[in-house]
Every structure is written in C-alpha cells, then in structure tokens.
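Working notes for the structure below.
The values are calculated or read from the model by the stated rules, or taken from the named source; none is laboratory data. Source: prediction; values computed, not measured. Please note: Cβ atoms are built from the backbone with ideal geometry, for glycine as well, and neighbour counts cover all protein chains shown.
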Amino acid sequence: MAYPEPLERLVAAFECFPGVGRRSAERLAFHVLRDPKARELARAIEGALSNLVRCSVCGNPAAKDPCELCADPERDGAQLLVVEEPRDVEALERARVFRGRYHVLLGAMNPAQGVDARHLALGRLVERIRRGGIEEVILGTDPDQEGEATARLVLEAIEDARLSVRVTRLARGLPAGSAIEYLHRGVLEDALEGRVPLRRRAPPAGKTAPGRDDTPA
Ligand SMILES: [Zn+2]
C-alpha cells in the first residue's frame with residue numbers, strides 16, 4: 001500500500017535533494033514525523049525562503065540587498081576574492097584574514113552534475129570588474145578538480161573580456177603547524193610547485209637594512 005498523500009509528498013520533497021534517494025527520503029520523512037523540532041525546521045525553511053535575497057553585487061544570500069559586506073565602506077574594494085559558496089565567505093570572515101570584497105559563484109564547474117559555465121553567472125563578475133575600482137581578482141575556489149576548472153574558467157572570462165586586472169590564485173601548500181613526514185603526496189606536490197622565494201625579515205618600520213639590497217631583481 002502506498003503512503004497517505006501528505007506523507008508521500010514529504011518523501012518526494014526530500015528526494016529532490018542532491019544525494020538523497022528514495023530510502024533516505026523515507027527515513028528523513030519518518031524522522032520528521034517523530035521529532036517535535038520538525039515544526040521549527042519547517043518555520044526556519046519558510047523564513048529563509050521568504051526573507052533572504054541574493055545580493056545583487058556579490059551573489060551571497062543576504063537579509064537585504066546589497067548585503068552587509070558589500071555595503072561596508074571600510075572594506076577594500078581593490079581586492080576581489082572569488083569563492084564558490086557562501087560557506088567559504090563565512091569561513092574567511094570567521095578567520096578575519098581578508099578585508100577586501102567577495103564574489104560568490106554559488107557553485108563550481110561540475111559537468112558530471114550538469115553544472116557548467118552558464119550556471120556560474122560569470123557575466124555578472126565580468127561586469128562588476130568592468131565597472132572599475134578592482135585591481136586584483138583573487139581566485140579562491142577549492143583546490144580540487146572542480147575548483148581548478150572553475151578558476152581557469154574565471155581567468156579565461158577575464159582575459160576574453162580584456163579587463164586590465166591582476167589575477168592571482170590562493171597559494172596551495174603546507175598547512176601551518178603540520179610536519180612534512182605526515183603530509184600526503186598531493187599536498188607535498190602542491191607545496192613544491194607553489195614554492196616562493198625566501199626573504200629576509202623586513203627591517204623594523206623607519207629603518208632600512210644597512211648598506212645592501214637583499215631582494216635581488
Ligand atoms: Zn554582497
């Protein structure tokens with residue numbers, strides 16, 4: 001016998017999520033029926049869908065448009081960090097390591113899952129750079145196959161549009177606090193490939209190194 005119609009609808013709704021098959025959808029649906037917190041979940045979903053907009057500048061979900069980050073006059077508009085997902089922005093903001101502005105692609109190239117260049121709204125990014133004020137575009141997509149393909153795609157879009165902007169990629173390499181002996185091959189490979197010149201520590205502000213230039217051309 002089939003499930004009652006409202007339950008069947010719930011199962012079908014769960015089945016729409018990526019990676020959720022019929023069995024998992026049924027399990028989730030029964031969990032919802034048993035859990036008193038399910039009503040709060042339903043209200044949270046409804047609230048998020050009706051109160052969030054996509055920031056027209058950076059693409060991040062926000063309570064208002066433009067979002068708080070884009071509206072903040074204190075941030076450096078010359079640096080634009082391009083990331084895949086809102087959670088990347090969240091992680092970077094939590095770490096307080098970046099004071100420039102963001103652009104969120106809301107995805108990465110993944111032809112197997114039907115995500116290609118059209119879904120990433122690169123035109124919006126190109127238009128944003130064309131409006132001026134941005135000196136450096138930092139590609140902060142994930143260091144995996146999809147992220148690398150996405151970074152290349154963004155670079156091509158910028159070059160094809162003949163935009164005069166510096167394009168950089170986040171460095172890949174040794175995690176701080178790690179030990180060489182414990183790192184796997186891919187990390188070591190990246191670290192070797194992305195090696196950088198070692199510089200002397202900069203002299204204290206106001207003083208210059210005595211009589212010698214230690215950064216050869
Ligand atoms: Zn924004």
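Restricting attention to the stretch 96-123, the residues that are buried (at least 16 other Cβ atoms within 10 Å of the Cβ), part of a helix (DSSP H, G or I) and modelled with pLDDT of 85 or more total 1.
Residues that are closer than 24 Å to Leu122 by Cβ and part of a helix (DSSP H, G or I) were ranked within the stretch 61-76; the one that is farthest from the ligand (Cβ to nearest atom) is Ala71. Return yes when Gly19 is free of Cβ contacts under 8 Å to residues at least 12 places away in the same chain and either within 16 Å of the ligand (Cβ to nearest atom) or part of a loop (DSSP other than H, G, I, E, B) (or both) and no when it is not. Criteria met by Gly19. Considering each residue of the stretch 53-60 in turn, none proves to be more than 29 Å from Ala191 (Cβ to Cβ), within 15 Å of the ligand (Cβ to nearest atom) and exposed (fewer than 11 other Cβ atoms within 10 Å of the Cβ).
Given the condition at pLDDT 95 or above, within 11 Å of the ligand (Cβ to nearest atom) and not in a helix (DSSP H, G or I), answer yes or no: does some residue in the stretch 78-88 qualify? No, because not a single residue in the stretch 78-88 is at pLDDT 95 or above, within 11 Å of the ligand (Cβ to nearest atom) and not in a helix (DSSP H, G or I). Of all residues in the stretch 102-121, those satisfying the criterion of being within 16 Å of the ligand (Cβ to nearest atom) and under 12 Å from the mean Cα position of the chain (by Cα) are Tyr102, His103, Val104, Leu105, Leu106.
Taken over the stretch 147-194, the criterion of being out of contact with any Gly (no Cβ under 6 Å at 6 or more places or on another chain), surrounded by fewer than 16 Cβ atoms within 10 Å (Cβ to Cβ), not hydrophobic (A, V, I, L, M, F, W, C) and not in a helix (DSSP H, G or I) is satisfied by Arg162, Ser164, Arg166, Thr168, Pro175, Gly177, Ser178, His184.
For the residues Ala157, Ala171, Ala151, the requirement of being touching a Lys or Arg at 6+ places or on another chain (Cβ under 9 Å), among the aliphatic types (A, V, I, L, M) and under 24 Å from Glu85 (Cα atoms) singles out Ala151.
Matching residues to (1) on the phi < 0 side of the Ramachandran plot; (2) not basic (Lys, Arg):
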site	(1), (2)
Glu5	yes, yes
Phe17	yes, yes
Arg27	yes, no
Asp35	yes, yes
Ala38	yes, yes
Pro66	yes, yes
Gly77	yes, yes
Leu92	yes, yes
Gly107	no, yes
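Scoring Ala25 on the criteria (1) touching a helix residue (DSSP H, G or I) at 6+ places or on another chain (Cβ under 6 Å); (2) at pLDDT 95 or above; (3) within 30 Å of Val165 (Cα to Cα); (4) more than 16 Å from the ligand (Cβ to nearest atom) leaves a single failure, condition (3).
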